[in-house]
């Protein structure tokens with residue numbers, strides 16, 4: 001993949017000068033090759049209860065609004081035409097929040113049953129995608145902040161493919177560390193780098209440092225307490241969107 005020459009602080013030179021003197025030891029990566037291990041360590045939890053609770057809270061809120069509004073309805077008045085219709089709407093508008101509240105409460109158990117039924121299939125689909133194109137990376141924090149998916153900022157992280165040898169993994173980390181230090185000393189360069197990265201969820205290191213940096217990733221520290229993460233490009237063979245699954249600490 002060709003290097004983007006517009007990245008500030010000459011990352012290609014940073015890469016060339018960043019060869020570490022020694023390769024530190026690396027933690028043993030978790031084994032998530034089996035579906036049961038994947039489900040236990042990497043698969044997202046069942047959100048059925050959370051979804052049902054949201055529906056229930058919304059339903060209770062709208063019902064409360066409707067009940068309170070019933071006690072403050074205006075007295076009926078004789079009016080014809082448009083004014084008559086308007087007065088009728090004002091008097092009976094509590095029916096709307098009551099109906100919405102009832103609909104949400106009815107939807108709560110349905111949502112729970114649907115999500116519980118769908119979760120095993122979603123986990124299997126994720127497992128198949130991970131088996132097909134997933135990349136297990138070791139994560140390290142970074143002294144740099146990048147744009148979040150929203151309008152905010154989030155700490156960056158460096159991911160390194162666990163299949164790389166220790167020397168290449170250390171080289172990638174050292175290159176990112178040096179580059180971040182240079183960006184930190186130059187506000188304009190840092191702003192330029194952030195703008196180039198934009199809201200990209202995961203960026204391959206070879207896009208910054210060149211093809212020798214394959215196996216490294218600039219990513220968001222979305223799950224800072226997880227030492228490993230599973231990255232799944234979606235759709236396949238692109239970098240437009242990524243699924244990031246944190247690996248449980250008991251890995």
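One line per residue, one yes/no per condition, for (1) surrounded by fewer than 18 Cβ atoms within 10 Å (Cβ to Cβ); (2) in a helix (DSSP H, G or I); (3) in contact with a strand residue (DSSP E or B) (Cβ under 6 Å, 6 or more places away or on another chain):
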position	(1), (2), (3)
101	no, yes, no
109	yes, yes, no
115	yes, yes, no
142	no, no, yes
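Given (1) touching a residue at least 24 places away in the same chain (Cβ under 8 Å); (2) not in a loop (DSSP other than H, G, I, E, B), identify the lone condition not met by residue 163.
(2)
To keep it simple, each residue is scored yes or no on (1) part of a helix (DSSP H, G or I); (2) surrounded by fewer than 16 Cβ atoms within 10 Å (Cβ to Cβ).
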{"site": "175", "(1), (2)": "yes, no"}
{"site": "178", "(1), (2)": "yes, no"}
{"site": "183", "(1), (2)": "yes, no"}
{"site": "192", "(1), (2)": "yes, no"}
{"site": "196", "(1), (2)": "yes, yes"}
{"site": "199", "(1), (2)": "no, yes"}
{"site": "203", "(1), (2)": "no, no"}
{"site": "207", "(1), (2)": "yes, no"}
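Every number in this text was worked out from the coordinates using simple rules, so none of it is lab data. Everything numeric here is computed off the predicted structure, so don't read it as measured data. No Cβ is skipped: glycine too gets one built from the backbone with ideal geometry, and neighbour counts run over all protein chains shown.
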